[in-house]
Amino acid sequence: MSDDPSLARILRLLDTGKGEDDGEDDESTTRSSRRKNHSDDMEVGPSGQVPGSRQVVDFEDLVFTQGSHFMANKRCQLPDGSFRKQRKGYEEVHVPALKPKPFGDNEKLQPIDQLPKYVQPVFDGFKTLNR
């Protein structure tokens, strides 16, 4: 691309933001020469691309046909005590917090003072850790 004068101008505009009419200072020429030397060190394939694995994502496949209000499940089962409120432009779903499971036979809270000394300052003000 840099061999073609019209494409080289576009590359120069993209790299430095300066066109042909703008005067280049010494700093920009040293940067461009460093860039050129760095690009010479890289391995380039026959098509002018750097070898490596590439994945292409087609964004057209990711677009929902029904828009942003698409929900795959037509019905969903909410836990007991849940309720919905219909508002203009959105829907509120209120779900109550789960009740904690009871402790097992050999399960107990972890006291902070049994942790290593270097960890204890992190939990300053706490007496125990939960499960």
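Roughly speaking, what is the stretch gain from Ser53 to Gln114, that is 0.36 nm per residue apart minus the C-alpha to C-alpha distance, in nm to one decimal?
17.0 nm
State the volume of the convex hull built on the alpha-carbon positions of region 80-131, expressed per residue in Å³ and rounded to an integer.
142 Å³
With θ set to phi - 60° and the Karplus curve 6.51 cos²θ - 1.76 cosθ + 1.60, what are the ³J(HN,Hα) couplings of region 87-99 in order, to the nearest whole Hz, using x for Gly and Pro?
10, 6, x, 7, 10, 9, 10, 9, 10, x, 5, 6, 7
Fully extended, how many nm does the chain gain between Phe126 and Leu78 (0.36 nm per residue separation, minus their Cα-Cα distance)?
13.8 nm
Every number in this text was worked out from the coordinates using simple rules, so none of it is lab data. Just so you know, these numbers come straight off a predicted model, no measurement behind them.
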